[in-house]
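Q: Sharing a structure with you now.
The values are calculated or read from the model by the stated rules, or taken from the named source; none is laboratory data. Just so it is clear, the model here is predicted, and its values are computed rather than measured. Positions of Cβ are generated from backbone atoms using ideal geometry, with glycine treated the same way; all protein chains shown enter the neighbour counts. Areas reflect the complete protein model, heavy atoms only, side chains present, ligands, DNA and RNA absent. Shrake-Rupley method; radii C 1.70, N 1.55, O 1.52, S 1.80 Å.
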Amino acid sequence: QVQFVESGGGLVQPGESLTLSCAVSGSSLYISAMGWYRQTPEKQRDLVAGMLLSGETIKYADSVKGRFTISRGNAKNTVILQMNNLQPEDAAVYYCAARMGYLSPHAADYFYWGQGTQVTVSS
């Protein structure tokens with residue numbers, strides 16, 4: 001059984017910051033890549049940022065480059081997404097995802113998903 005613990009969503013004003021955290025655990029679980037996706041009712045689930053847990057590869061959506069940073073947490077199978085200068089267009093449900101294998105940008109390639117955390121950006 002795979003368990004996700006996501007935290008850090010909330011309501012902020014434009015220009016403010018939030019930090020999302022995701023920890024994945026499970027017996028006999030082996031994952032090598034984790035990422036954050038976001039989805040709104042109008043859009044499909046798109047990659048925000050992802051990384052190989054080895055730290056070798058990191059990918060960002062063009063819209064968040066320079067504002068968001070993904071990093072490994074101190075605990076095993078944990079990633080942190082630091083989101084700075086948040087804008088209304090960043091508002092969405094953010095989902096943590098994990099997989100074994102390469103760092104794929106495609107949501108369909110991820111087998112393990114968290115329950116999602118809401119990020120709202122509004123003045």
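Q: Around Gly116, which amide H atoms from residues at least 5 apart in sequence, or from another chain, sit under 5 Å from its own amide H, with H modelled in the peptide plane?
A: Residues meeting the criterion, in which the H sits 1.01 Å from N, are Cys96.
Q: Over the chain, what is the relative contact order in percent, taking alpha-carbon pairs closer than 8 angstrom and at least six residues apart?
A: Reported as a whole number, the value is 35 percent.
Q: Name the chymotrypsin sites (Phe, Trp or Tyr not before Pro) in segment 1-83 that are in a loop by DSSP and that have at most 13 other C-beta atoms within 10 Å, would you?
A: Tyr30
Q: Would you rank Ile58, Ile80, Ile31 by solvent-accessible area, highest first, keeping every protein chain in place and using a 1.4 Å probe?
A: If we order Ile58, Ile80, Ile31 from most to least accessible, we get Ile58, Ile80, Ile31.
Q: Using per-residue counts of other Cβ atoms within 10 Å, averaged over each peptide, order 90-98, 113-121 from highest down.
A: Output ranking for 90-98, 113-121: 90-98, 113-121.
Q: Sticking with this one: In the chain, once you exclude exposed trypsin sites (Lys or Arg not before Pro) (DSSP loop, at most 15 other Cβ within 10 angstrom), what's the longest stretch remaining?
A: Answer from the scan: 77-123.
Q: Taking 0.36 nm per intervening residue step and subtracting the Cα-Cα distance, what contour gain separates Ser63 from Leu11 on full extension?
A: 16.7 nm
Q: Going through segment 40-91, which GluC sites (Glu not before Pro) have at most 15 other Cβ atoms within 10 Å and a DSSP loop state?
A: Taking segment 40-91 and a limit of 15 other Cβ atoms within 10 Å, the loop GluC sites (Glu not before Pro) found are Glu42, Glu56.
Q: Eigenvalues of the Cα gyration tensor times 5, then square-rooted: what semi-axes does that give for the chain, in whole angstrom, largest first?
A: Square roots of five times the eigenvalues give 23, 14, 14 Å.
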